[in-house]
1. Can you figure out the FRET efficiency of B:A43 with B:S11, using R₀ = 25 Å and their beta-carbon distance, to the nearest 0.05?
2. Treating only the Cβ atoms of Lys and Arg (+1) and Asp and Glu (-1) as charged, compute the dipole magnitude of chain B about its Cα centre; round to the nearest 20 debye.
3. Quick check: residue separation of A:V80 and A:K23 times 0.36 nm, minus the Cα distance between them. What number comes out in nm?
4. Which whole-Hz ³J(HN,Hα) couplings does the stretch A:20-31 yield from phi under the Karplus relation 6.51 cos²θ - 1.76 cosθ + 1.60, θ = phi - 60°, glycine and proline marked x?
5. Please state the shape class of chain B: rounded when a/c is under 1.5, otherwise prolate if a/b exceeds b/c and oblate if not, all from the C-alpha gyration tensor.
6. Once R0 is set to 51 Å, what does the formula 1/(1 + (r/R0)^6) return for the Cβ-Cβ distance between B:T25 and A:T97, expressed as a FRET efficiency to the nearest 0.05?
7. Given a Förster distance of 30 angstrom, what is the FRET efficiency for A:E89 paired with A:W142, based on the Cβ-Cβ distance and rounded to 0.05?
Amino acid sequence: MKFTPAAGADRSAKLTIESDDLKHPTVDITLSGRGIEAVKPPPPPRRITAVGAKIAVDHTAAALVARSDGTLWYRQSRSVYQQVHGLSEVEAVAATTKPNAPGNRVYVITNDGSLWGLDSIVSIVARREKVLDGVIDVSAGWDHALALKEDGRVFALATTSLGSAAVKGIRTPGSTSA
Amino acid sequence: MQEIEVKEGGSVLASGATCDLGNVTVGERATRTITVTNKGESALLVSGIDLDREGEISRVNVPALPRSLAPGE
């Protein structure tokens, strides 16, 4: 017997074995079984690991959220969160608040310590530029950001008129935080 | 008159019994082997093995019928 159930209620069928030689010419047996839905594994946890905020070109506020699966999400005003594609393994995020492009930048740190500058987050596809390596924290202000490297040095980041990052190291005593 | 013994997985199934095929995940398949043995002292002719409806439960590897079973076979 083969049982290949579809979803739904219990299934049954009657099996009859026939022979005129028997005291009772038929033997009836009921076959029954149940089709059950596969148990779907729970979705991976999507704990928030970092948040940031920025002011969009139209001066509306936007929220940035990095999740524990390394994805970056963007929500402008009251819209739904949309994933920023082209990025993975995001661990930290910060954004400058100057509303007008090109000085309007989002900085993210990925889990390998790379610091990336993003210019086009509104299109939900990040145009990214690698700015620094070995970064463990980043903080942003009006049109600049400070990046703390694992060796304790702090770098100041500012955007040029074309939007690309200008990086300058700052002398710091020991492990000053960004 | 002859007697037969119907077994599934070591359990004897009397006429009127229910054989539980169990819970099977949708998209997968379960198979059960039902054995018919001639418990009498002379040959027995099995003329048919039928399901009242074949669909999700169906027969596979059923011998050609009618088939004569020797005593003990």
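Each reported figure results from applying straightforward, stated rules to the coordinates on display, with no laboratory input. The structure displayed is predicted, hence computed values, not measured ones. For neighbour counting, all protein chains shown are included, and Cβ atoms are generated from backbone atoms with ideal geometry for every residue, glycine included.
1. On the way: r = 26 Å, r/R0 = 1.03.
So the FRET efficiency works out to roughly 0.45.
2. On the way: 7 positive and 11 negative charges, 27 e Å.
The calculation lands at about 140 debye.
3. Details: separation 57, 0.36 × 57 = 20.52 nm, distance 7.37 nm.
In short, 13.2 nm is gained.
4. Rounded to whole hertz, the list is 6, 7, 7, 4, 10, x, 9, 10, 10, 10, 8, 9.
5. On the way: a/c = 2.53, a/b = 1.83, b/c = 1.38.
Because a/c hits 1.5 or more and a/b exceeds b/c, chain B counts as prolate.
6. Values: r = 53 Å, r/R0 = 1.04.
The computed FRET efficiency comes out at 0.45.
7. 0.60
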